[in-house]
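Notes follow once the structure below has been shown.
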Amino acid sequence: MKNYFDIDISKYAVNKYFRVLRPASLNFPKDNAVMFVTEKYMNRAERLETVKNCLVFWPENIDIPESISLKHAVVPVEKPRSAYANFFLNNNIHNLPLPSEYEVINGAYIEMGAVIGKNCVIFPDVYIGKDVVIGNDVYIASGVKLVGSVSIGDHVVIRDNTVIGADGLTTSRDDNGEAITIPQFGGVSIEDDVQIGANVVIARGAIDDTRIGRGSKIDSSCFISHNVSIGEDTFIVGETIMFGSSSTGKQVLISGNSTIRDSVHIGDKAVVGMGAVVVKDVPENSVVKGNPAK
């Protein structure tokens, strides 16, 4: 597991003496991590029992189970997500990608450490970061930027001026209403046989990876926000926006200029009509359209 920082948690919890080294989510908890639990996802809190030595910001109006308090430093707060954001602000943690030594190959800028498979076509004016891993037979058109931790499978096509691995807009507010930026630590995972159009932005995950499933096709000028998970063989038509932590099942069709609200799931083989604004989960094998989508 990668260590991003090294913070003594004794200032957050009395009689607790260990260090936290990374962020983690309730989906994939890790030892020695900083985490937060909200009332909405309290049903996942039992997953904390599978790890140890975490700093956990917890809703102050909900009792803390002894099985969790004994293993972790649990801090009751009014707003757990804001307290999580303040943890990074107070400890001066930003995790912005930094430039590294690179070489220029056929006009493309490739940082030392990047892994590139066989028979790849990479045009001039591409930038590939040191933490990028690219499979075989991948086509990357001019102007593409791959930054941070990006994993790309085989037979993937990425067209001009697309950016993969940019930070999403993950923010909170302090007691005065001032914005607090929550650093992004996840990456982007793109499976085999994916095609991505021009001028697409795919944001890296806030903690866990943004995922594009095998065989999916993303049209030009789409925005895929942090933590989105796109199922296999899904088609997303141009100018669609998928907000943070939204997801699809397999073989979904999302027509052009649609908006998918954060945390909404679209079931297998569902169809979203052109221009739809989807604000609640869509059952599999169904068709929805309109604003709000019905």
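The values are calculated or read from the model by the stated rules, or taken from the named source; none is laboratory data. Keep in mind it's a predicted model, so treat the numbers as computed, not measured. Because the Cβ atoms are built from the backbone with ideal geometry, glycine has one as well, and the counts that use them run over all protein chains shown. Just the protein is used for accessible areas: all its heavy atoms, side chains included, with ligands, DNA and RNA removed. Shrake-Rupley method; radii C 1.70, N 1.55, O 1.52, S 1.80 Å.
A few remarks follow.
- Residue in segment 116-128 that is buried (at least 19 other Cβ atoms within 10 Å of the Cβ), within 22 Å of residue 205 (Cβ to Cβ) and touching a residue at least 40 places away in the same chain (Cβ under 8 Å) present: no
- Residue within segment 244-260 that is open to solvent by 30 Å² or more (accessible area, probe 1.4 Å), among the β-branched types (Val, Ile, Thr) and without any contact (Cβ under 8 Å) to a residue 24 or more places away in the chain present: yes
- The set of residues in segment 1-29 being under 13 Å from residue 208 (Cβ atoms), out of contact with any helix residue (DSSP H, G or I) (no Cβ under 6 Å at 6 or more places or on another chain) and open to solvent by less than 90 Å² (accessible area, probe 1.4 Å) consists of 22, 23, 24, 25, 27.
- Meets criteria (assigned to a helix (DSSP H, G or I) and either at pLDDT 95 or above or over 19 Å from the mean Cα position of the chain (by Cα) (or both)) for residue 119: no
- Remark: residue 230 matches the filter, which requires a residue to be in contact (Cβ under 8 Å) with a residue 12 or more places away in the chain, closer than 23 Å to residue 284 by Cα and either touching a strand residue (DSSP E or B) at 6+ places or on another chain (Cβ under 9 Å) or not basic (Lys, Arg) (or both).
For every residue, the table says whether it meets (1) open to solvent by 20 Å² or more (accessible area, probe 1.4 Å); (2) more than 21 Å from the chain's Cα centre (by Cα); (3) within 30 Å of residue 133 (Cβ to Cβ).
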| site | (1), (2), (3) |
| --- | --- |
| 63 | yes, yes, no |
| 67 | yes, yes, no |
| 74 | yes, yes, no |
| 95 | yes, no, yes |
| 98 | yes, no, yes |
| 101 | yes, yes, yes |
| 107 | yes, yes, yes |
| 111 | no, yes, yes |
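- Filtering segment 129-143 to residues that are assigned to a loop (DSSP other than H, G, I, E, B) and open to solvent by less than 10 Å² (accessible area, probe 1.4 Å) leaves 129, 138, 141, 143.
- Listed conditions (1) buried (at least 23 other Cβ atoms within 10 Å of the Cβ); (2) more than 28 Å from residue 93 (Cβ to Cβ) are all met by residue 210, apart from (2).
- Pick from segment 171-195, criterion small (Gly, Ala, Ser) and assigned to a loop (DSSP other than H, G, I, E, B), ranking: farthest from the chain's Cα centre (by Cα): 177
- Qualifying residue in segment 182-189 (condition: farther than 19 Å from residue 150 by Cα, of a type in the set (A, V, I, L, M) and touching a residue at least 60 places away in the same chain (Cβ under 8 Å)): yes
- For residue 146: the one exception among (1) at positive phi; (2) open to solvent by less than 50 Å² (accessible area, probe 1.4 Å): (1)
- Selection within segment 184-198 - open to solvent by 10 Å² or more (accessible area, probe 1.4 Å) and under 20 Å from residue 35 (Cβ atoms): 185
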